[in-house]
Each structure stands twice: as structure tokens, then as C-alpha cells.
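Take a look at the structure below.
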Amino acid sequence: MTTGKPVTKLVEIDLKNNPDLESAAKLIFHESAHHLEVNILKFRETGDPMALMQIRIGLRRIRVAMRVFRLIIPTDVRAHFKREFRYFGNMLGEARNMDVFLYGMLSPNIRKKGLRDAYLELRKQGEQVWKDELDIITKELSGSHFERLFSEFQQWLNSNWSDTLGKSACKKMASPVVQFALETIEEGNIELLNLGPEEVYHSVEDLHELRKFTKRSRYNLRFFSSLFKEEKVKEGFDILVKMQDCLGHINDVKEGLHIMADLSSRSGADYFSDILLLNARIIKTAGKEVDRYLDEFEALWARYQDFSLSAKDLRIND
């Protein structure tokens, strides 16, 4: 259930002294792991769904960092942690989709005139599914599987990476982070732009894939933001965050349609006719919102095509 409680987010990662790549990578992973651990403890103690959202973000952020630093992480190590963190991330995704549905498409503020009983029945079914999913997640995050995974991750993080890497990777680890950051951000931008040119030619599933690459570019900028001038970082975030939000809202509508169909089929037969009428009302509103989000995304995409970061945007000397 979405709340207004403050959440613990990832702190700014300070790379302004231009450390070597190994030190930068370990700092990014350490801060990401700490952010994850704090929110897991908060969720276990309070059940705060906002902490759960941060856990999901933290799991995904670590997977992106695994990809970013793939040249200095053994393939088997990277594959193991990405697979395990993806498992837990996908599990949390189901609860997140239901939470968004209950307080988005099925918000208590939607127009219910003449269909209140149908609304309450649909909501009752949704809240039960959401509760069941949270119970599973709580057990999983408190279980031995996750504890073992997190312990393995911290042990690897605190180990001597050079012991398992060849000369080329060790040389890479010793190089300053600045050039690597420029190359990583540029690579992410190119990958994202190559998914274009126009969002109107994409399927809804393609837009979801586009959102994944938007997140990746956003995380790249997040990891290395301290290296760049504040105004350029702010410009980049302003575009990427809004692009991600637009695409996220569209995907939430897509997922909401699946959830609504499932909950409708679970509901009592005597409510079904009115539930269908309520569905039609909700879908009509969602259609107008999707039109608005697509228009907004198109304008943001045009801005993104003109955005770039280069050596002249660094706040430190290379």
C-alpha cells in the first residue's frame, strides 16, 4: 500500500577525486549494498511498502552495475549474482504492480457513481492478492536463500578482485575512472537512441523495453554524476526521469489491464455485470492518460536526442 513516508535512497557516490576504476566500482557496489540492506531491515521491521519499492530499485541497480563493470568482473560471478538478484526483483515486481494498480487505476478517488459495490468487490479481491504476495516476499527476504546470497555478495565485494582476473582486467582496474565513465554513459545513450527513432512505431512491449534502457542510462548517470558539472547532470536527469515516468505509466496501464481481468474473474458472479461497466469506465480514463503520456514522451525524446556529455562537461581535470 503506497504511503507518504520518507524513504531511504542511495546517497550520492563521491568520485570527485577521480579514483581508479576498482575503487570506484567497489564504492558504487558498497553504497548500493548498504542502501539495499537498510531498506530490507526497514521492511522487515515495519512492512513499509515504500521500503519494498526501494529494495526492488536496489536489486535492479546492482544488476545494472554488474553490467557496467563487466570488464572487471569474472563472467561466472556476474552471471550468478545477476540471476539471483533478478529472481528476487521479479518477485517484488508482482507486488509492486498490484500496489500501483490499487492506488492508480483502482484508486479510491475514481468515479464510482452507481458502481460502488462492484468497486468494493474488485478492491477486496485485489487487496487479498496483494497481501498474499507480501506474505511470500516477507518470507523470502527473511529466508536463508536471500541471507546466503547477500552474504556471498558482500564476501565477493570485500575480496581481492585481482586474484581472479587476468592482466588486461587488472590493468583496466588501475586506470582512472573518468574515461570509463564517459565511455559508459555514451554507450548507454547510443543503445537507447538506437531503439528509436519514433515511439509511435513501437508496440507496448517495445515501449517497456525502451523503458529498461532509459533506466539503464539513468543509472549510468547516477553512478558517475559527481564527475560532471551539476547543471549538465540536472539536465540529463530531468529528461531521463521524465521519460522513464511516461513509459512507466504506460506500462502500468498495460499491467493494470491484466490485473483487472484477473481480479474480475475472481469476483462474485452477482457483481460481474457491474464490474465490467466499471472496467469500461477505468479503461476510458486510462486511454486518455496514455495519449497524454505518449505526447509528453515524444517531446522528451526530441530533447534527449540533443543531450550529450563529454570531457568539457567534467567538473574535474582528467
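The values are calculated or read from the model by the stated rules, or taken from the named source; none is laboratory data. Since we're looking at a predicted model, the values are computed, not measured. As a convention, Cβ positions derive from the backbone with ideal geometry for all residues, glycine included, and neighbour counts pool all protein chains shown. Surface accessibility is based on the protein's heavy atoms, side chains included, excluding ligands, DNA and RNA. Shrake-Rupley method; radii C 1.70, N 1.55, O 1.52, S 1.80 Å.
For the structure I just gave you, tell me whether residue 252 is assigned to a helix (DSSP H, G or I), free of Cβ contacts under 8 Å to residues at least 24 places away in the same chain and either among the acidic types (Asp, Glu) or surrounded by 13 or more Cβ atoms within 10 Å (Cβ to Cβ) (or both). No. Applying the condition of being more than 21 Å from residue 62 (Cβ to Cβ) and free of Cβ contacts under 8 Å to residues at least 40 places away in the same chain to the stretch 206-239 and asking which residue is surrounded by the fewest Cβ atoms within 10 Å (Cβ to Cβ) yields 231. Residues that are in a helix (DSSP H, G or I), polar (S, T, N, Q) and surrounded by 21 or more Cβ atoms within 10 Å (Cβ to Cβ) occur at least once in the stretch 53-62. Residue-level analysis places residue 173 outside the set of residues that are aliphatic (A, V, I, L, M) and without any contact (Cβ under 8 Å) to a residue 40 or more places away in the chain. Would you confirm whether any residue within the stretch 15-26 is more than 23 Å from residue 177 (Cβ to Cβ) and buried (at least 19 other Cβ atoms within 10 Å of the Cβ)? No, the conditions are met nowhere in the stretch 15-26. Checking each residue in the stretch 277-309 for being touching a residue at least 60 places away in the same chain (Cβ under 8 Å), open to solvent by less than 40 Å² (accessible area, probe 1.4 Å) and either small (Gly, Ala, Ser) or closer than 25 Å to residue 218 by Cβ (or both) picks out 286, 297, 300, 301, 304, 307, 309.
Residue-by-condition table, conditions (1) within 30 Å of residue 310 (Cβ to Cβ); (2) in contact (Cβ under 8 Å) with a residue 40 or more places away in the chain; (3) part of a helix (DSSP H, G or I):
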{"residue": "84", "(1), (2), (3)": "no, yes, yes"}
{"residue": "90", "(1), (2), (3)": "no, no, yes"}
{"residue": "101", "(1), (2), (3)": "no, yes, yes"}
{"residue": "117", "(1), (2), (3)": "no, yes, yes"}
{"residue": "123", "(1), (2), (3)": "no, no, yes"}
{"residue": "126", "(1), (2), (3)": "no, yes, yes"}
{"residue": "159", "(1), (2), (3)": "no, no, no"}
{"residue": "181", "(1), (2), (3)": "yes, yes, yes"}
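Only one of the numbered conditions (1) at pLDDT below 95; (2) more than 26 Å from residue 258 (Cβ to Cβ) is not met by residue 29, and that is (1). Note on the stretch 63-97: residues that are open to solvent by 30 Å² or more (accessible area, probe 1.4 Å) and aromatic (Phe, Trp, Tyr) total 1. Filtered by the rule that a residue be among the hydroxyl-bearing types (Ser, Thr, Tyr) and either exposed (fewer than 14 other Cβ atoms within 10 Å of the Cβ) or free of Cβ contacts under 8 Å to residues at least 12 places away in the same chain (or both), the stretch 183-205 gives 201, 203.
Residues of the stretch 292-308 include at least one that is under 30 Å from residue 238 (Cα atoms), outside any helix (DSSP H, G or I), out of contact with any Phe, Trp or Tyr (no Cβ under 6 Å at 6 or more places or on another chain) and polar (S, T, N, Q). Looking at 274, 245, which one is more than 22 Å from residue 205 (Cβ to Cβ), in a helix (DSSP H, G or I), modelled with pLDDT of 95 or more and open to solvent by 30 Å² or more (accessible area, probe 1.4 Å)? Unique residue meeting the criteria: 274.
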